[in-house]
Amino acid sequence: MINELIERAFGARENAYAPYSGFKVGAALLTESGKIYTGCNVENASYPVGICAERTAFSKAVSDGERKFSVIVIAGSSSTYCYPCGMCRQFMAEFCGDDFEIISAKSTDDYRIIKMGELLPYTFDSSSFE
Ligand code: THU
């Protein structure tokens with residue numbers, strides 16, 4: 001399953017719209033029910049308007065009614081590991097617990113697995129309102 005997700009993430013990376021940074025990113029998100037949603041970064045001439053690959057994938061899944069996720073693969077560069085930006089960490093934490101896995105892949109045989117709880121400890125989420 002990890003290999004399939006990595007391949008799907010690199011496939012989505014092909015569609016990245018990154019004319020400003022030149023840095024293409026793809027993501028493949030697996031729901032608990034076994035569906036895969038892909039995403040890529042989509043930049044904008046007004047730079048902050050652009051969206052990262054991770055939030056694209058999550059937004060596609062959530063808008064399809066999905067709420068439970070088990071893992072996301074991020075495919076950025078094949079020479080360095082690409083980790084989610086701070087905004088994406090917060091976005092993902094809305095839907096994912098500490099055990100959600102983030103896989104940063106350089107290729108199908110070179111990747112790192114990190115847990116949400118490591119990427120964003122002491123999360124601000126809905127429980128903070130209690
Ligand atoms: N980017 C992502 O899509 N995901 C990441 O994990 C890191 C950064 C995008 C945002 C922007 O379009 C480009 O990469 C350079 O920052």
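The values are calculated or read from the model by the stated rules, or taken from the named source; none is laboratory data. Keep in mind it's a predicted model, so treat the numbers as computed, not measured. All Cβ positions, glycine included, derive from the backbone under ideal geometry; neighbour counts span all protein chains shown. Surface accessibility is based on the protein's heavy atoms, side chains included, excluding ligands, DNA and RNA. Shrake-Rupley method; radii C 1.70, N 1.55, O 1.52, S 1.80 Å.
Quick notes on this structure:
- At most 12 other Cβ within 10 Å, DSSP loop - GluC sites (Glu not before Pro), the range 1-46: Glu14, Glu32
- If R0 is 25 Å, the Cβ-Cβ spacing of Glu130 and Met87 corresponds to a FRET efficiency of close to 0.55.
- Nearest-10 value in Å² for the accessible area of Met1, using the 1.4 Å probe: 120
- Loop trypsin sites (Lys or Arg not before Pro), the range 1-72, which have at most 15 other Cβ atoms in a 10 Å radius of their Cβ (DSSP): Lys35, Arg67, Lys68
- Springs join every pair of Cα atoms under 10 Å in this Gaussian network model of the chain, and among Ser107, Ser21, Ser59 the largest mean-square fluctuation is at Ser21.
- Cα gyration tensor, the range 58-111 - rounded (a/c under 1.5), prolate or oblate: prolate
- Estimated at the nearest 10 Å², the accessible area of Asp110 is 50 Å² with a 1.4 Å probe.
- Relative contact order (%) - criterion: Cα under 8 Å, at least six apart; region: the range 2-129: 21
- Apportionment of accessible area to carbon and sulfur, the chain, percent (1.4 Å): 51
- All alpha carbon pair distances within the chain were sorted into 10 Å bins beginning at 0; the resulting P(r) in whole percents reads 14, 47, 33, 7, 0.
- Share, in percent, of DSSP beta bridges within the chain that are antiparallel, nearest 5: 75
- For the residues Val71, Val49, Val62, Val42, a 1.4 Å probe over the protein chains yields an accessible-area ranking, largest first, of Val49, Val42, Val62, Val71.
- Qualifying chymotrypsin sites (Phe, Trp or Tyr not before Pro) for the range 1-72 [loop in DSSP, other Cβ within 10 Å: at most 16]: Tyr20, Phe23
- CD proxy at 222 nm, helix term only [per DSSP H run n ≥ 4: -39500 (n - 2.57); per residue of the chain; nearest 500]: -7500 deg cm²/dmol
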